Amino acid sequence: VTAKVNAALIGDPELSALKINVDTHGNAVTLNGEAPNQAAKDRAEQLAKAVEGVHSVNNLLTVK
């Protein structure tokens with residue numbers, strides 16, 4: 001699941017340059033790192049939620 005979420009984030013041109021740490025515990029994903037704006041933070045969460053097998057996303061990204 002972690003690899004799939006990472007692949008989704010890297011595949012997005014808006015998010016590919018960001019350093020987002022993805023931690024997975026079971027089907028729960030936690031995103032850590034920085035986002036340039038709220039839209040990018042929201043986009044990262046949407047992409048993670050869209051990955052097969054992900055049941056919940058804890059978005060801890062900070063907007064810088």
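Heavy-atom accessible surface of the chain, averaged per residue, reaches 59 Å², computed with a 1.4 Å probe.
Per-residue ellipticity at 222 nm computed for the chain from its helices equals -10500 deg cm²/dmol, with DSSP H segments shorter than 4 residues left out and the rest contributing -39,500 (n - 2.57). By the Stokes-Einstein formula, at 1.567 mPa s and 4 °C, the chain with its Kirkwood radius over alpha-carbon pairs has D equal to 115 µm²/s.
Placing unit charges on the Cβ atoms only, positive for Lys and Arg and negative for Asp and Glu, gives the chain a dipole magnitude near 60 debye about its Cα centre. Principal-axis analysis of the Cα atoms of the chain puts helix 38-50 at an angle of about 20° to the longest axis.
The values are calculated or read from the model by the stated rules, or taken from the named source; none is laboratory data. Predicted model, so just to flag it, every value in this text is computed and none were measured. Cβ coordinates were reconstructed from backbone atoms using ideal geometry, including for glycine residues, and neighbour counts include every protein chain displayed. We work out accessible area using only protein heavy atoms, side chains counted, and drop any ligands, DNA or RNA first. Shrake-Rupley method; radii C 1.70, N 1.55, O 1.52, S 1.80 Å.
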